[in-house]
1. What residue, of 99, 109, 56, is at positive phi, surrounded by 19 or more Cβ atoms within 10 Å (Cβ to Cβ) and either under 23 Å from the mean Cα position of the chain (by Cα) or of a type outside the set (D, E, K, R) (or both)?
2. Could you grab the pairs with beta carbons closer than 9 Å, sequence gap of 6+ or different chains, first residue in the stretch 187-205 and closer than 14 Å to residue 257 by Cα and open to solvent by 50 Å² or more (accessible area, probe 1.4 Å), second one assigned to a loop (DSSP other than H, G, I, E, B) and not aliphatic (A, V, I, L, M)?
3. Quick one: count up the residues across the stretch 113-168 that are open to solvent by less than 10 Å² (accessible area, probe 1.4 Å), over 19 Å from residue 72 (Cα atoms) and out of contact with any helix residue (DSSP H, G or I) (no Cβ under 8 Å at 6 or more places or on another chain).
4. Count, please, the residues in the stretch 142-182 that happen to be among the charged types (D, E, K, R), more than 13 Å from residue 95 (Cα to Cα) and out of contact with any Lys or Arg (no Cβ under 7 Å at 6 or more places or on another chain).
5. Can you tell me which residue within the stretch 210-225, out of those that are part of a loop (DSSP other than H, G, I, E, B) and closer than 18 Å to residue 255 by Cβ, is modelled with the lowest pLDDT?
6. Can you name the residue in the stretch 32-53 that is closer than 29 Å to residue 229 by Cα and of a type in the set (Asp, Glu) and, of all such residues, is surrounded by the most Cβ atoms within 10 Å (Cβ to Cβ)?
7. Say we look at the stretch 274-304 and pick out the residues that are crowded, with 23+ Cβ neighbours inside 10 Å and more than 21 Å from residue 325 (Cα to Cα); which of these is nearest to the chain's Cα centre (by Cα)?
8. Over 21 Å from residue 313 (Cβ atoms) and at pLDDT 95 or above: is that true of residue 57 in this structure?
Amino acid sequence: MKRLVLSILVILGLLAAGGAAAFRFSPWPSALLVRQAFDKDSARTNAALAERVPAGVRSQLDLTYDPADRNGRLDLYLPPAGAAPDGPLPVVVWVHGGGWVSGDKGQIGNYLKILAARGFATVSVDYTIAPEARYPTPVRQVNAALGWLDANAETLGIDRNRIFLAGDSAGSQIAAQVANLTVDPAYARLTGIKPSLTPKQLRGVVLHCGAYDAALVDMEGPMAGFIRTVVWAYLGRRDFQDDPRVGEMSVIRHLSPAFPPIFISGGNADPLTPQSSRLAEVARDRGVAVDALFYPADHQPALAHEYQFNLDLADARTALDRSVAFLERQAVSAAPAAPGQTATPPGSRSGS
């Protein structure tokens with residue numbers, strides 16, 4: 001992740017020095033530079049996880065959830081044969097990150113194989129990234145994928161009544177939006193998207209390192225140029241600050257008391273973690289069950305954005321274990337956990 005941050009800073013320097021005109025008139029040049037840096041980092045991260053994938057995890061790749069959409073594909077991972085209980089499996093549908101401008105379903109494949117080996121079906125969803133597509137296209141696509149999984153649950157061996165949404169970074173923001181429109185008819189009307197699932201089918205949400213309210217973004221800080229690039233690319237407007245879609249995307253502003261139980265985490269060195277902390281706080285205030293894993297500011301090693309994918313870190317392994325425990329609880333529970341629930345391990349703290 002340090003390499004990724006350095007790459008972004010180099011990109012911003014290039015934009016300031018020689019690419020200012022391109023940045024003024026189109027998000028494409030800078031978005032493609034960001035994409036290149038993110039994709040390289042994601043490839044390294046996925047490769048590093050390969051040796052941790054248990055033997056026997058089964059894969060069904062490039063399943064089509066929307067024949068009319070060239071990006072309407074997903075990958076399904078299942079536990080090794082004989083390693084999972086009989087009957088349909090609870091399914092974790094993961095939305096990859098990448099600042100809305102990069103990434104694909106394969107870049108998180110090894111992590112989802114590791115998660116599948118813990119007794120779940122896991123799904124990695126492809127969606128069309130920006131600037132090729134603009135908001136709310138990815139939200140619609142993830143919702144469509146859920147509808148396809150629901151319709152084909154018996155064939156796939158998954159439990160249509162034990163579905164979880166999950167995501168990292170930008171994917172976490174998309175997953176949170178889809179969860180909220182699934183349980184809140186007013187928010188569904190606001191987005192113009194008809195939910196594919198009923199609220200009872202969605203058992204919980206796992207959110208890592210996301211952005212949930214534009215009001216909490218520092219538009220004057222060192223990453224401001226990067227933020228302007230990716231949001232411009234995603235919304236299609238350079239002057240997006242007064243775009244009503246920014247408020248629509250900001251899940252914290254619309255969070256429903258019916259939102260499903262949440263497991264949420266972020267690293268102490270991640271500039272987006274205050275957004276996760278705030279989401280956890282608002283969710284608890286509205287009676288939503290929250291299991292939050294955050295760390296003190298002086299925690300060592302410092303945990304950067306997307307720390308959870310680096311399973312060489314003990315803290316990342318803790319995050320995996322905590323999220324699995326959350327999924328297991330919600331998978332066997334007939335009802336959400338008690339409102340306001342928060343669990344915090346030794347050496348960590350819940351969101352402030």
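1. Matching residue, one of 99, 109, 56: 99.
2. From residues that are closer than 14 Å to residue 257 by Cα and open to solvent by 50 Å² or more (accessible area, probe 1.4 Å), the pairs are 199/184; 199/260.
3. Of the residues in that region, 1 qualify.
4. 3
5. 217
6. So the residue we want is 41.
7. 275
8. yes
The values are calculated or read from the model by the stated rules, or taken from the named source; none is laboratory data. Since the model is a prediction, treat every value here as computed from it, not as a measurement. Because the Cβ atoms are built from the backbone with ideal geometry, glycine has one as well, and the counts that use them run over all protein chains shown. Quick note on the areas: whole protein, heavy atoms, side chains included, nothing else; ligands and nucleic acids left out. Shrake-Rupley method; radii C 1.70, N 1.55, O 1.52, S 1.80 Å.
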